[in-house]
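Before any comments, here is the structure.
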There are 2 protein chains.
Amino acid sequence: MRVLILGGGGMVGQKLAHRLAQTPELSGQPISELFLHDIVPPKDVDGSFATTCLTGDLSKSGEAERLAGLKADVIFHLAAIVSGEAEKDLEKGWQTNGRGTWQLLEALTGIGDGYKPRMVFSSSIAVFGAPFPEVIPDDFFSTPMTSYGAQKAISELLITDYSRKGLIDGISIRLPTICVRPGKPNLAASSFFSGIIREPLNGQEAILPVPDTVRHWFASPRSAAGFLVHAASMDLSLLEERRALSMPGVSCTVAEQTEVLREFAGEDAVRLIRREPNEDIMAIVKNWPRNFDTKRATSLGFKAESDFREIVKIYIDEELNK
Amino acid sequence: MRVLILGGGGMVGQKLAHRLAQTPELSGQPISELFLHDIVPPKDVDGSFATTCLTGDLSKSGEAERLAGLKADVIFHLAAIVSGEAEKDLEKGWQTNGRGTWQLLEALTGIGDGYKPRMVFSSSIAVFGAPFPEVIPDDFFSTPMTSYGAQKAISELLITDYSRKGLIDGISIRLPTICVRPGKPNLAASSFFSGIIREPLNGQEAILPVPDTVRHWFASPRSAAGFLVHAASMDLSLLEERRALSMPGVSCTVAEQTEVLREFAGEDAVRLIRREPNEDIMAIVKNWPRNFDTKRATSLGFKAESDFREIVKIYIDEELNK
């Protein structure tokens, strides 16, 4: 089985690659070859299978055809311009996040010979827009309030339609905000949710741009990799025609996040969180979902953490104690 | 005020053009010029304003730029490959109904100089897919089960995002099935809903491919033109970020339609309906919405007929007694 990860150099792509290296199979089929593709050279992983690192821009002419030509059995499509950048640069966001998916689907369909790959697309809760009910049900409508969210919603529709037509076997999974992200802050407006845990645990100051009362929806990088593997392995006919679904997660407030930090690292760590209200970030965050009822994903076997404590413990185990 | 109708040669486009000829203003501004654009030469209308008929294919290179160059103040975007054809020819449907809208938005944005037209897009209840609740609320999710529906949903997302960015002032209105359509049957799978009224009223046989119990959602061509004019005139800031909405209509069954035909034209007319069950059409129709609660559109001033009798009366008045 040949596996391709688009966005394979990113944080989630790397977590997934390592997970596949640890357990080199999908649906009981051994993985023979892994392709990691990204706009900058992705880091290789050590596995029992052959690994090829590819560099290129999905939005550029010919790149989708090159990738389709690999004839991977499973394609994880994680490639995207992040939310902050897609909002600032409309053209760039639409080219990569919108047209990129479209070109990929057309290129895959162009292969012919009955080629019909499994495609797992990492969508986002950014497909939803305020005002929300307190808990968002599985049949709540998609009204994105960012270009990034609109691009994810459009990719979902394309993947569902191409699947319905029997040209691919696709699923779109809407990831919660991934927390605690290892590494450095990025351009995503959600970056601080990881920062306020990660930086203090590493003895560094973190900036908190929103009030304590802000509630949001989280899952660990380990869960993200788990969702992707499950989505690549499960029987997608169970989804019937509704091939986009919200993943389970943990709903908690910044105050609750802070309490968990205190529990693991004490008052000194909490003091490293510097409150610096930022109107721009607050304006974005107030339109974000706070909580979901993910009955459908749960009944289909997708699993996340049960509380924020577990999320922080995973970060400590995987990143600090490794 | 300059007005452009894309799909101006179609049934709804022509109804709208005649309505504008009768009342040559939008938002209290007089219409100075009307452009009718379609893939085949549209019929001209007699109005107090100048009229220009244009022929071209929106999906072809350069056409969107030509249309944007007209710098219309109001653009009615009604151009589409119909549902049956978009389902058969995936590439053609996506090119016109999907990429066509996208190219148009990019071309409009490319004009610059602060040009920001009002765009009214005729979306469809085909953005919804079964299973449905008995009555579909305004916040029900979009899960199209046809390529046509997916293309309409994607156009809605694009128009909303470009509007949010301040590049156009757009609205997408989801039309019910328009009934009674004048003229001949077309390739839309919904064509028979008009046929079983229109043909008997004209002394001709009509084929009914589905059972009497099928329930569906209707509005007259006059209402369709009314929705479009209202959408072009209203203050769109009232929509906030949710710029796609379902239009009001009449929910009724085929049996109820038949009763209304009997009332207007007697038993002889009803006998002209020939039952000829068609599995293909039934398979499509069973996934269609049956009823909506359109609180939002109604509170914003959109109006449809109150029952199917009124819908048939409009056909008789406008098409048979004219």
| remark: When restricted to B:Ile154, B:Ile196, the only residue outside the structural domain of B:Ile311 (by TED's automatic domain parsing), at pLDDT 95 or above and β-branched (Val, Ile, Thr) is B:Ile154
| task | Could you check how many residues of the range B:234-293 are small (Gly, Ala, Ser), out of contact with any Asp or Glu (no Cβ under 8 Å at 6 or more places or on another chain) and within 14 Å of another protein chain (Cβ to nearest Cβ)? | result | 1
| message | Any residue that is touching a residue at least 12 places away in the same chain (Cβ under 8 Å) and under 23 Å from B:Pro137 (Cα atoms) - is there at least one of those in the range B:185-201? | response | yes
| request: Among the candidates A:Ser142, A:Ser123, single out the residue that is at pLDDT 90 or above, farther than 13 Å from A:Ala64 by Cβ and within 10 Å of another protein chain (Cβ to nearest Cβ). | output: A:Ser142
| task | Could you tell me which numbered condition B:Asn186 fails, if it satisfies all but one of (1) modelled with pLDDT under 95; (2) within 18 Å of B:Tyr115 (Cβ to Cβ)? | result | (2)
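Yes/no matrix, rows are residues, columns are (1) more than 25 Å from B:Lys88 (Cβ to Cβ); (2) assigned by TED's automatic domain parsing to the domain that holds B:Gly13; (3) β-branched (Val, Ile, Thr):
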site	(1), (2), (3)
B:Pro200	yes, no, no
B:Gln204	yes, no, no
B:Phe227	yes, yes, no
B:Glu241	yes, yes, no
B:Val260	yes, no, yes
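With the structure loaded, tell me whether B:Ser32 is at pLDDT below 95 and either β-branched (Val, Ile, Thr) or out of contact with any Pro (no Cβ under 6 Å at 6 or more places or on another chain) (or both) or whether it fails that test. Full working, then the answer.
Values: at pLDDT below 95: no; either β-branched (Val, Ile, Thr) or out of contact with any Pro (no Cβ under 6 Å at 6 or more places or on another chain) (or both): yes.
No.
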| said: Taking the criterion of being at the interface with chain A (Cβ under 7 Å from one of its Cβ atoms) and under 19 Å from B:Asn291 (Cα atoms), would at least one residue in the range B:127-138 satisfy it? | reply: yes
| remark: Screening A:Ile197, A:Ile171, A:Ile159, A:Ile178 for residues that are touching a helix residue (DSSP H, G or I) at 6+ places or on another chain (Cβ under 6 Å) and within 30 Å of B:Gly84 (Cα to Cα) leaves only A:Ile171
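Can you find a residue in the range B:204-227 that is under 30 Å from A:Ser147 (Cβ atoms) and within 13 Å of another protein chain (Cβ to nearest Cβ)? Write out each step before concluding.
Taking the range B:204-227 first, the residues under 30 Å from A:Ser147 (Cβ atoms) are B:227.
Among the residues that remain, those that are also within 13 Å of another protein chain (Cβ to nearest Cβ) are: none.
For the range B:204-227, residues under 30 Å from A:Ser147 (Cβ atoms) and within 13 Å of another protein chain (Cβ to nearest Cβ): absent.
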| query | Within the range B:160-177, is even one residue modelled with pLDDT of 95 or more, within 13 Å of another protein chain (Cβ to nearest Cβ), part of a loop (DSSP other than H, G, I, E, B) and touching a strand residue (DSSP E or B) at 6+ places or on another chain (Cβ under 6 Å)? | reply | yes
| message | Looking at B:Phe264 and the list (1) of a type in the set (Phe, Trp, Tyr); (2) surrounded by fewer than 20 Cβ atoms within 10 Å (Cβ to Cβ); (3) closer than 18 Å to B:His216 by Cα, which single condition is not satisfied? | response | (3)
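The values are calculated or read from the model by the stated rules, or taken from the named source; none is laboratory data. If you're wondering where the values come from, they're calculated on a predicted model, not measured in any experiment. All Cβ positions, even for glycine, are placed from backbone atoms using ideal geometry, and neighbour counts span all protein chains on display.
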